[in-house]
Amino acid sequence: MSSNSVTLWLRPFTARPIALAGLGVLVATVLAAVFAPWLSPYDPYAIDPLIRLTPPNVTHWFGTDQFGRDTLSRTIHSSRMALLIGSGVVVFALATGVPAGVLSALFPRLGHLLMRMVDVLMAFPTLLLALGLIVILSPSVGTVILAIGLGYMTTTTRIVYGLTLRLRAETYVEASRSMGAGTAWLISRHILPNLVSPLLVQASFVFAFAQLGAASLDFLGLGAPPDIPSWGNMLAESRTFITRAPWLLFFPGMMIVATAFSLNLVGDALRDRLDPRFRQVFGEKG
Amino acid sequence: MSGNVILDVRDMMVSFSARRAGRKYRVQAVDGVSLSLAEGEVLGIVGESGCGKTTLGRTLVGLVQPDSGNINLKGTEVIGAGGSGLREMRLNVRMVFQDPNASLNPRRTIGDSVAEAADISGFFKSRAERSAAIAATLTAVGLNPSFAARYPYELSGGQRQRVGIARAILPTPSIFVADEPVSALDVSVQAQVLNLMMDLRDQLRLAMLFISHDLGVIRQISSRVAVMYMGRIVEQAGTRTVLDHPLHPYTRALVAAIPKPDPSRRILGAIEMGEPPSLFTRPHGCAYAPRCLMASDRCLVDVPQLRSVGADGRTIACHNV
């Protein structure tokens, strides 16, 4: 039974090799983040001026930066920051956006109030909002999560609000109400289960964009403290060496693109798995 | 027609507020309807779209709040009573919906959908009792108990409607409100579902309010028929009396509109009906007068009230019959 359900979960991935590749990249990134100290060939902070700006070679696969630090080790350690900020933003956006959206749709008076507040927040570009908040609060990892998360809370609220309005009008919700269901029952049995798959897709997007946003903030010097390795920080530090040492930008840049792209592929595949109407299609293929 | 009355509705009024062209209107969807239902009796409600028959059904299952009127269920007043009276009504009066595809949550198993009313009211003491009840209910509607673990997308339209019916008989109610329960189904499946409903009526002694615009279906299943027009009942009597000898001009037009195998045998006085007047601008007198061939001056100013005419408990609201 359990091996059977595992294959059922993997089926949308095996049916689409590119989604499987995306899953592979993400799993590798998570493993790299968890086992960073053991996987890194060198200390990411160790400075060695004698070998500064060495191109990729046998001893330093990804080359070294202007202080002679090993780029491979720094790239591996940076995945920790990427995952921390990405998942932090997703958790924040869902934990605030889902209740706000569902309750706004079910209680119109509250909805008018909350959705107007969301409108105000949405009037600011996400990055500008984040910049403003970071300037007001002091820069730290938590501030970055809050600053980016606030921007994606608004889109999550909007999406959940719209979906819940539609679900609320479904005949099966009406049937449930005719049998005496209260608000809590409707939310837990009818609304939330139908929100899972669109939210999973939304979460994968938020994760991807949060990472991009964090990289942008790092690049501008407003994100993670510069001594912590992160892909954005690496880009920021090495941009002046772009012609002399392009590998310094290539590897962190590639990781940003690869993780964001993989997240989207996996999000799509998971949506197909969670939607019962798609299960049949994959069942026939398998 | 005989037997003890279990549902008695008196002077029910239901209205909605609507906004059109910036002005607020009150739309009187149900305008003083009275009806009663005896144990095991099937009352057909017919009428064209927008006549208030669906609103009437939705009010009886508590989806719409009536403005005024009484609903008496097994001797207890439901409206105005506290939560307990309403809960009693929720379990006793159950609805079968028109579209079996839309009325089942695609993400809940058939078993969960069937047991929903019981789960909401905390009916089951144990999981074993619950799954036994689900299996028994699925068997009662002619489905294999193994369907409990399936999802709606795995079922055909007819099977889904059987699930819709199963959901409405667990725990066993005393009244069904069926709103066009077969009009979304293939004709061959319609007959099966109708037979199932009639079997259940006999086995469970269900009373049924059967809402439909299909007079053929109504003739098959109903013992009595009430004809609704713009929120009011205009004629009510035994099914054969109404459909074979309609007296109200509106009923005659409805009956005449049934496609006949032999087109030359049309009922005399049949007319082309045209559109009903807008609910926003209700006529002063009889609401049917603008479309009625028999309308006299009185019909334009004086609203006809229901009165008894002839045998078979017929009541009719028309000045000229």
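The values are calculated or read from the model by the stated rules, or taken from the named source; none is laboratory data. Quick caveat: nothing in here was measured; it's all calculated off a predicted structure. Reconstructed Cβ throughout: ideal geometry from the backbone, glycine too, with neighbour counts over all protein chains shown. Please note that ligands, DNA and RNA were not included when accessible areas were found on the heavy atoms of the full protein model with its side chains. Shrake-Rupley method; radii C 1.70, N 1.55, O 1.52, S 1.80 Å.
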- Among the candidates B:SER183, B:SER146, B:SER188, residue that is of a type outside the set (Phe, Trp, Tyr), surrounded by fewer than 23 Cβ atoms within 10 Å (Cβ to Cβ), within 18 Å of B:ARG58 (Cβ to Cβ) and away from chain A (no Cβ under 12 Å): B:SER183
- Restricting attention to segment B:99-112, does a residue exist that is more than 14 Å from every other protein chain (Cβ to nearest Cβ), in contact (Cβ under 8 Å) with a residue 40 or more places away in the chain and not small (Gly, Ala, Ser)? no
- Taking segment B:201-218 and the residues there that are closer than 16 Å to B:ILE6 by Cβ and of a type in the set (A, V, I, L, M, F, W, C), the one that is nearest to the other protein chains (Cβ to nearest Cβ) would be B:LEU209
- Query: Would it be correct to say that B:LEU56 is open to solvent by less than 10 Å² (accessible area, probe 1.4 Å), in contact (Cβ under 8 Å) with a residue 24 or more places away in the chain and either in a strand (DSSP E or B) or in contact with a Lys or Arg (Cβ under 6 Å, 6 or more places away or on another chain) (or both)?
  - Reply: no
- Report yes if some residue within segment B:169-186 is of a type in the set (Ser, Thr, Tyr), closer than 27 Å to B:HIS319 by Cα and either in contact with a strand residue (DSSP E or B) (Cβ under 9 Å, 6 or more places away or on another chain) or in a helix (DSSP H, G or I) (or both); otherwise report no. no
- Could you run through segment A:228-246 and say how many residues are touching a residue at least 24 places away in the same chain (Cβ under 8 Å) and either on the phi > 0 side of the Ramachandran plot or surrounded by fewer than 20 Cβ atoms within 10 Å (Cβ to Cβ) (or both)? 3
- Does B:GLY75 meet the test of being more than 14 Å from chain A (Cβ to nearest Cβ) and open to solvent by 50 Å² or more (accessible area, probe 1.4 Å)? yes
- Using the structure shown, decide if B:ALA117 is of a type in the set (A, V, I, L, M, F, W, C), open to solvent by less than 50 Å² (accessible area, probe 1.4 Å), at the interface with another protein chain (Cβ under 8 Å from one of its Cβ atoms) and without any contact (Cβ under 8 Å) to a residue 12 or more places away in the chain. no
- Note on the structure: In segment B:37-48, anything modelled with pLDDT of 90 or more and either hydrophobic (A, V, I, L, M, F, W, C) or out of contact with any Lys or Arg (no Cβ under 9 Å at 6 or more places or on another chain) (or both) is listed as B:LEU37, B:ALA38, B:VAL42, B:LEU43, B:ILE45, B:VAL46
- Item | Test: A:LEU127 is away from chain B (no Cβ under 14 Å) and either in contact (Cβ under 8 Å) with a residue 40 or more places away in the chain or over 19 Å from the mean Cα position of the chain (by Cα) (or both) | yes
- In segment B:163-180, how many residues are closer than 13 Å to B:GLN98 by Cα and open to solvent by 20 Å² or more (accessible area, probe 1.4 Å)? 0
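Anything in segment B:197-215 that is open to solvent by less than 40 Å² (accessible area, probe 1.4 Å) and in a helix (DSSP H, G or I)? List them, or say none.
If we filter segment B:197-215 for residues that are open to solvent by less than 40 Å² (accessible area, probe 1.4 Å), which is where we start, we get B:197-198, B:200, B:206-212, B:215.
Listed by number, the residues that qualify are B:MET197, B:MET198, B:LEU200, B:LEU215.
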- Among the residues listed as A:VAL91, A:VAL144, the single one being over 30 Å from B:PRO173 (Cα atoms), at pLDDT below 95 and away from every other protein chain (no Cβ under 14 Å): A:VAL144
- Query: For A:ALA208, are the conditions met, namely being part of a helix (DSSP H, G or I) and either modelled with pLDDT of 95 or more or within 14 Å of chain B (Cβ to nearest Cβ) (or both)?
  - Reply: no
- Task: Could you figure out which of (1) within 11 Å of chain A (Cβ to nearest Cβ); (2) in contact with a Pro (Cβ under 6 Å, 6 or more places away or on another chain) isn't true of B:ALA135?
- Result: (1)
- Note on the structure: Of the candidates B:VAL163, B:VAL242, B:VAL189, the one satisfying the condition of being in contact with a Ser or Thr (Cβ under 7 Å, 6 or more places away or on another chain) and farther than 18 Å from B:LEU43 by Cα is B:VAL163
- Query: Counting just the residues of segment B:61-72 that are part of a loop (DSSP other than H, G, I, E, B) and not hydrophobic (A, V, I, L, M, F, W, C), which one comes out nearest to the other protein chains (Cβ to nearest Cβ)?
  - Reply: B:GLY62
- Query: Out of all the residues in segment B:149-159, which are open to solvent by less than 40 Å² (accessible area, probe 1.4 Å) and either part of a helix (DSSP H, G or I) or of a type in the set (Ser, Thr, Tyr) (or both)?
  - Reply: B:PRO152, B:GLY157, B:GLY158
- Item | Residue list for segment A:156-205, filter: open to solvent by 20 Å² or more (accessible area, probe 1.4 Å), within 11 Å of another protein chain (Cβ to nearest Cβ), of a type in the set (S, T, N, Q) and in contact (Cβ under 8 Å) with a residue 12 or more places away in the chain | A:ASN194
- Task: Determine which member of the set B:LEU104, B:LEU35 is under 19 Å from the mean Cα position of the chain (by Cα) and open to solvent by less than 50 Å² (accessible area, probe 1.4 Å).
- Result: B:LEU35
- Message: Checking the structure you have, find out if any residue of segment A:1-17 is of a type in the set (D, E, K, R) and within 24 Å of A:ASP272 (Cβ to Cβ).
- Response: yes
